[in-house]
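Have a look at the structure below, then the notes.
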Amino acid sequence: KEDCLKVIDEIIGDELRKHQFNLHFEILDTELDLIKWIFARIHECKTDIIGIWNIGFDIPKILDRLTKLGVNPADVMCPPELPKEFRYCKFSEDTKKAEHIADKWHWLNLTGYSQFIDSMCLYARIRKVDGRDVSYSLDYISNKELGQGKLHLGEITNHRYSQTYEF
């Protein structure tokens, strides 16, 4: 934990302090604990809108992992105070033909306080008059807009390699 906090402070510590962000670092024992912890924070805050960059990747992965872990996704992703018979969770993939991936609008149908949107598609739509960007990867757009991309912690810069071999 301390090693990670040190690297984070070296890379973006000035920005965290400048914008008065409080960094919360949580260590959990299992993948299921992690997913439950994230959604517990969402339920606790009753977050209205949650933007996920390229929602068509992340949400199906989360749903798949919960199902493989033997958990009904609705029981984790819907607020716990909602009676089980009213919990509903289904990801609807936009399968229409589109000129570009950012023209699609995937949807998470979920009973609860929060509406999940695809930040990538929203970003592309509200800037449509400017034309298409070269890339819609989060790293590219972060660098373009903020001058800072994803955190690259140490020598490993490939996300897939890191998740596969370093997790």
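Observations, loosely collected:
- Scope the stretch 101-117; condition of a type in the set (A, V, I, L, M, F, W, C), open to solvent by 60 Å² or more (accessible area, probe 1.4 Å) and in contact (Cβ under 8 Å) with a residue 24 or more places away in the chain; matching residues: Ile101
- Per this entry, Ile35 is not counted among residues that are over 30 Å from Leu82 (Cα atoms) and surrounded by 10 or more Cβ atoms within 10 Å (Cβ to Cβ).
- Neighbours by Cβ (under 6 Å, 6+ apart or cross-chain): first from the stretch 137-151, hydrophobic (A, V, I, L, M, F, W, C); second surrounded by 13 or more Cβ atoms within 10 Å (Cβ to Cβ): Leu138/Trp53; Leu151/Ile11
The values are calculated or read from the model by the stated rules, or taken from the named source; none is laboratory data. Predicted model, so just to flag it, every value in this text is computed and none were measured. Neighbour counts run over all protein chains shown; Cβ positions are idealised from the backbone, glycine included. Side chains included, ligands, DNA and RNA excluded: accessible areas come from the protein's heavy atoms. Shrake-Rupley method; radii C 1.70, N 1.55, O 1.52, S 1.80 Å.
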